[in-house]
Amino acid sequence: VDVKICAEIDPCSALQALSQGSQKGLVFLGAARLEREDLSISKVVSGARYLLAIPQMVLAERGGVDWLKERLADSKSLGDAVVIRRINGLGKKIKAFDFVRTIRLKEDASPELSRAGLVGDFVCLDVECAICPNGSTKISEVAEVIFGSNGSSPFRAVRTAIGKAVDNELIEPLALLRLRAEAASRSQVVSVGSPSGALAEGSA
């Protein structure tokens, strides 16, 4: 829902009221005033990072961490795999790994898991997915490609970051100064590289 507030208010002053008026578990932690040059959220968000937590007992049945490493190394099999996404009873074929930017074993994910209220003996994967104008993949679809669709590999997923993908990091939507600087830098690159810029330079 796109809501525009016409009144002059301090954005941070509304955080508590927004949290109180939301469903239990949803907490608003930050807010910022947007200027005219700021991009809409749909143009800012281009990636998300997740922790995919697999119980050690479940992974042991497959062959443990060694099996998982071999599975992740089989990039061709993962890239070619297709899952079926059900939407209103209709099936849509998705190549989930077309949207996976990076995937790796996470050595110590206990801080992130604790924040999400997850306790247990897990092996975790750090997964970054692209969010594109033409869509993205669900983290459950990534898990399905890795472990199969027979339902024998329960997992828990925690989204740890979302934002604009720039130079191997995700800039969070509230980091407006960084987003503005990145947009200005990208605009300068386009301007310098444009044909009109080249002609103007050559005629000087």
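The values are calculated or read from the model by the stated rules, or taken from the named source; none is laboratory data. Everything quoted here is computed from the prediction, not taken from an experiment. Positions of Cβ are generated from backbone atoms using ideal geometry, with glycine treated the same way; all protein chains shown enter the neighbour counts. The protein model used for the area step is the full one, side chains on, heavy atoms only, and it has no ligands, DNA or RNA in it. Shrake-Rupley method; radii C 1.70, N 1.55, O 1.52, S 1.80 Å.
Does V58 count as aliphatic (A, V, I, L, M), at pLDDT below 90, over 16 Å from L174 (Cα atoms) and surrounded by 10 or more Cβ atoms within 10 Å (Cβ to Cβ)? When the stated conditions are applied, V58 passes them.
Need the failing condition index for P133 against (1) within 14 Å of the chain's Cα centre (by Cα); (2) over 16 Å from L59 (Cβ atoms); (3) in contact (Cβ under 8 Å) with a residue 12 or more places away in the chain, just the number. P133 satisfies all of (1) within 14 Å of the chain's Cα centre (by Cα); (2) over 16 Å from L59 (Cβ atoms); (3) in contact (Cβ under 8 Å) with a residue 12 or more places away in the chain except (3). Among the residues of segment 154-191, those that are over 20 Å from A32 (Cβ atoms), modelled with pLDDT of 90 or more and touching a helix residue (DSSP H, G or I) at 6+ places or on another chain (Cβ under 7 Å) comprise A157, V158, T160. Against the numbered list (1) out of contact with any Asp or Glu (no Cβ under 8 Å at 6 or more places or on another chain); (2) modelled with pLDDT of 90 or more; (3) under 15 Å from L52 (Cα atoms), A130 comes up short only at (3). Total residues in segment 158-171 satisfying the condition of being in a loop (DSSP other than H, G, I, E, B) and acidic (D, E): the figure is 1. In the condition set (1) within 17 Å of the chain's Cα centre (by Cα); (2) over 22 Å from V166 (Cβ atoms); (3) exposed (fewer than 14 other Cβ atoms within 10 Å of the Cβ), L52 is compliant with all but (3). Taken together, the residues in segment 1-40 that are loosely packed, with under 12 Cβ neighbours inside 10 Å and either closer than 27 Å to E169 by Cα or not hydroxyl-bearing (S, T, Y) (or both) amount to 25.
Counting only residues that are among the aromatic types (F, W, Y) and part of a helix (DSSP H, G or I), segment 113-157 holds 1 of them. For segment 99-109, taking the residues that are farther than 17 Å from N134 by Cα and surrounded by 13 or more Cβ atoms within 10 Å (Cβ to Cβ), the one that is modelled with the lowest pLDDT is identified as A109. Being out of contact with any Ser or Thr (no Cβ under 9 Å at 6 or more places or on another chain) and either open to solvent by less than 30 Å² (accessible area, probe 1.4 Å) or not basic (K, R) (or both) is a property that does not hold for A96.
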